[in-house]
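Asker: This is the structure I want to talk about, given as structure tokens.
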Amino acid sequence: WIVSTLLAGATVGSFTGGTLADKFGRTRTFQLDAIPLIIGAFLTATAQTVQTMIIGRFLAGIGIGISSAIVPLYISEISPTEIRGALGSINQLFICIGILAALVAGLPLAGNPLWWRTMFGVAIVPAILLAVGMAFSPESPRWLFQQGKIPEAEKAIRTLYGKERVAEVMYELRTAGQGSTEQEAGWFDLFSSRYWKVVSVGAALFLFQQLAGINAVVYYSTAVFRSAGIASDVAASALVGASNVFGSAIASSLMDRQGRKSLLMTSFSGMAASMLLLSLSFTWKVLSPYSGTLAVVGTVLYVLSFSLGAGPVPALLLPEIFASRIRAKAVALSLGTHWISNFVIGLYFLSVVNKFGISSVYLGFAGVCALALLYIAGNVVETKGRSLEEIELALNPTT
């Protein structure tokens, strides 16, 4: 429950984040988000009972859910078209660096069993930095334009791109017909015939991302590495984390050159092949002398493949393909799908493994990756090199 409560809180937060971002703006929502992050970290660091720990984890989860919905939204709305992909994937890169840093932060636990309180307490620092940093960060020009705050939108554009691009960006915003013609969408609008096709793509990408087995592979990686003779759990986790960072760094350099769709296709192809290798390494007797080594290679290749596309692309692609009036809520809905599926996998993965065996489960994950490839080929559009307004007009010609 202590582990899963964070994911339940993140689900709540991801749905809340879209509404808050539409009402108060992107930067103010980040500042509000710091409140549950700080209180949650404080409660978990000082908890004397399991109940207090669960409340703290739930609050921290709400904060994580809000930021997971707002970060890609904000990045996509303030980024110049030509480097939007790189900036979006740099966000994923730093998430991976943060995970690696969190793993390293656990090293003193071996010598000091009470170190876990300090670990939770340290989480207060980035939450405070987020609140302070956003006080100096420009608001999304697109959100300001939607609110009819034209002078503020022009000021934000000057801050972000320089005064020479103000007229160009304002023209794009006006051409897309944002803000002045239609109000922000309600939740039920997401399921209308006008928007459901594109909203379903967002939900499906996050569903495939989770059902393809990334968290299961990470959860099970220490056992896989032990079978290959790597006794240190920290070393195993660090190798997985380092693979994630390396793949994300490559993705950030390729995102605006190769395009989002091609990276997704490459990524899920590599994940399917890696899962097949993992499954066979546990079942084929001819491979049994090498099973430990093959399992480690399969795990590392899977994480590398994931971090090339399936990891960073959905969070970047979704704010690009959603129309401005549904963008915040549609991103929130898609992220809600992510957290719910994450929660379910975290809760039931070991039970399913005990019933069917790890080889069968990995084979199932390979099948999900293959289905994802077919779905992406038929439903995902390429957004590389196109402004948000161009994408919006192409996908929603009636707006």
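Asker: Find the accessible area per residue for the range 1-137; the probe is 1.4 Å, ligands and nucleic acids are left out, and the unit is Å².
Answerer: I get 46 Å² per residue for this part.
Asker: Connecting C-alpha atoms closer than 10 Å in a GNM of the chain, tell me which of ILE150, ILE64, ILE326 has the biggest fluctuation.
Answerer: In the Gaussian network model the winner is ILE150.
Asker: For the residue pair ILE150 and ALA135, what label-to-label distance in nm results when each label sits 7 Å from Cα along the Cα-to-beta-carbon direction?
Answerer: 3.3
Asker: Measuring with a 1.4 Å probe in the full set of protein chains, what accessible area per residue, in whole Å², belongs to the range 252-363?
Answerer: On a per-residue basis, 37 Å².
Asker: In whole percent, how big is the carbon plus sulfur part of the accessible area of the range 189-398, probe 1.4 Å, protein atoms only?
Answerer: 67
Asker: In square nanometres, what is the average projected area of the Cα convex hull of the range 189-398?
Answerer: 12.1
Asker: So for the pair LEU374, LEU350, with labels modelled 7 Å out along Cα→Cβ, what separation do we get in nm?
Answerer: Using points 7 Å along Cα→Cβ, the separation is 3.4 nm.
Asker: Now a separate question. Using 0.36 nm times the number of residues separating ALA110 and THR293, minus their current alpha carbon distance, what extension gain do you get?
Answerer: 63.2 nm
Asker: Shifting gears a bit: Subtracting the Cα-Cα distance from 0.36 nm times the residue separation, let me have the gained length for ARG194 to ARG174 in nm, one decimal.
Answerer: That works out to 5.1 nm of additional length.
Asker: Using only Cα atoms, locate the centre of the range 354-394 and the centre of the range 116-171, then give the distance between them in Å, rounded to an integer.
Answerer: What the calculation gives is 31 Å, centre to centre.
Asker: Could you tell me the calculated FRET efficiency between ILE2 and GLU390, based on Cβ-Cβ distance and R0 = 51 angstrom, to the nearest 0.05?
Answerer: 0.65
Asker: Among GLY162, GLY148, GLY111, which one shows the biggest mean-square fluctuation in a GNM of the chain, springs joining Cα atoms closer than 10 Å?
Answerer: Highest fluctuation of the listed residues: GLY111.
Asker: So, one more: What part of the accessible area of the range 1-152, given as a whole %, is carbon or sulfur when the probe is 1.4 angstrom?
Answerer: 77
Asker: Lys pairs in the range 189-398, Cα-Cα under 27 Å, at least 8 apart or on separate chains: how many?
Answerer: Close lysine pairs under the 27 Å cut-off: 7.
Asker: Evaluate Rg over Rh across the range 1-137, taking Cα atoms for both radii and Kirkwood's formula for Rh.
Answerer: 1.00
Asker: Okay, moving on. Please build a GNM for the chain, connecting alpha carbons under 10 Å apart, and tell me which residue among ALA60, ALA235, ALA127 fluctuates the most.
Answerer: Greatest mean-square fluctuation among the candidates belongs to ALA235.
The values are calculated or read from the model by the stated rules, or taken from the named source; none is laboratory data. Only a predicted model underlies this, so the values are computations on that prediction, with no experimental measurement involved. No Cβ is skipped: glycine too gets one built from the backbone with ideal geometry, and neighbour counts run over all protein chains shown. Protein only, heavy atoms only, side chains kept; ligands, DNA and RNA dropped before computing areas. Shrake-Rupley method; radii C 1.70, N 1.55, O 1.52, S 1.80 Å.
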